[in-house]
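Undergrad: Take this structure, written in structure tokens, and hold onto it; I'll ask about it next.
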Amino acid sequence: MSIQLDFSLFAKPEFLAQVGKGLINTLELAAIAFALAMTMAIIIAVMRMSTNKLSVWVATAYVEYHQNVPLLVHIFLWYFGVAALLPEGAQQWINAHNSEFIFAFIGIGLCLGAYMSEDLRGGIRSIPASQLEASRALGLSYLQASRLVIMPQAMRIALPPLINHTVLLFKNTSLAMTVGVAELTYVTKEVESQTFKTFEVYLASTVIYLALSLLLMWAGALIEHRTKIKTR
């Protein structure tokens, strides 16, 4: 028995509206999670390269924990576990402000931040130690030297793996559907259950994810190319 495909679904306003809303939620989730991930990556990388043993231990424990526990478990832990430990007032506030979205971006951002911190640490380790010593000799504190001298260079060196983990972060936003975030994958599943157009609906979702992932890679390659030109 042959299966007849019906791509007229793509022209229906209600379908486009649902997919568009899911796409917007995906982009918002990815953007906020990326901001959190980069913030944590910088903090953890600096902590791990310091001479303070406690700081190094805390940063190492953070990285090992997030790298050895599946991302989906992190999201569940935040949504079902941490949420239950919060005071009643905090729970009510979060529930009133889209708790699914909040805990999803926290789980994704913290987890990918561990991976990105390793990218930055690799970039920092490739910079001669004499640069940090010279910065300290000029009167800069460890944090000032890291922020003004070391980290800008480390960012440029670590750009390729950072781009890869950014794309991975974007794709992993699909896991937020498991806690009820109405992102692209969640909406795709909903539309498929309403229309029974399985192939057509998931094909559209696949094309969107592929296009945006390639766009991120292209943008990252462009940024990398421009930074190389500026450093020549």
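The values are calculated or read from the model by the stated rules, or taken from the named source; none is laboratory data. Keep in mind it's a predicted model, so treat the numbers as computed, not measured. Reconstructed Cβ throughout: ideal geometry from the backbone, glycine too, with neighbour counts over all protein chains shown. Surface areas here come from the heavy atoms of the whole protein model, side chains and all, with no ligands, DNA or RNA. Shrake-Rupley method; radii C 1.70, N 1.55, O 1.52, S 1.80 Å.
Undergrad: Test of understanding: what is the full-extension gain from residue 156 to residue 221, defined as 0.36 nm times their sequence separation minus their Cα-Cα distance?
TA: 22.2 nm
Undergrad: Could you provide, to the nearest whole Å², the per residue accessible area of the stretch 91-179 with probe 1.4 Å?
TA: That works out to 46 Å² per residue.
Undergrad: Just to be sure I understand the model, the point goes 7 Å from the Cα along the line to the Cβ. What's the resulting residue 73 to residue 88 distance in nm?
TA: Output for this residue pair reads 3.3 nm.
Undergrad: Within the chain, how many Lys pairs that are eight or more residues apart, or on different chains, come under 30 Å at the alpha-carbon?
TA: Step by step, the pairs that qualify in the chain add up to 11.
Undergrad: Over the chain, what percent of the accessible surface lies on carbon and sulfur atoms, probe 1.4 Å?
TA: For the chain, the apolar C and S fraction of the accessible surface comes to 67 percent.
Undergrad: If you don't mind, another one. Once the convex hull of the C-alpha atoms of the stretch 78-188 is built, how many Å³ does it hold per residue, rounded to a whole number? Before the final figure, lay out the partial values.
TA: Numbers: hull volume 14.4 nm³, N = 111.
Convex hull volume per residue, Cα atoms: 130 Å³.
Undergrad: Next up: For the chain, with only Lys/Arg (+1) and Asp/Glu (-1) charged at the beta-carbon, what is the dipole magnitude about the Cα centre, in debye rounded to 20?
TA: 1100 debye
Undergrad: Same structure again: Relative to the first principal axis of the alpha-carbon coordinates of the chain, what is the inclination of helix 53-67, with its axis defined by its Cα atoms, in degrees from 0 to 90 and to the nearest 10?
TA: Around 20 degrees separate the two axes.
Undergrad: Ok, one more. Among 150, 163, 94, which one shows the highest mean-square fluctuation when the chain is modelled as a Gaussian network with alpha-carbon springs under 10 Å?
TA: 94
Undergrad: Here's another thing I want to ask about it. Calculate how steeply helix 13-48 sits against the longest principal axis of the alpha-carbon atoms of the chain, using the helix alpha-carbon long axis, and give the answer as 0 to 90 degrees to the nearest 10.
TA: 20 degrees
Undergrad: Here's something else I'd like to know. Would you look at the GNM of the chain, springs on alpha carbons closer than 10 Å, and say which of 185, 60, 166 moves the most?
TA: 60
Undergrad: If you line up the long axis of helix 198-231 against the longest principal axis of the chain, both from Cα atoms, how many degrees apart are they, to the nearest 10?
TA: 20 degrees
Undergrad: Can you show me the helix-derived [θ] at 222 nm for the chain, built from DSSP H runs with n ≥ 4 at -39,500 (n - 2.57) apiece and divided by the number of residues, rounded to the nearest 500.
TA: -24500 deg cm²/dmol
Undergrad: What residue among 176, 160, 90 has its Cα farthest toward the positive end of the dipole of the chain, where the charges are +1 on Lys, Arg and -1 on Asp, Glu, each on the Cβ?
TA: Highest projection toward the positive end goes to 160.
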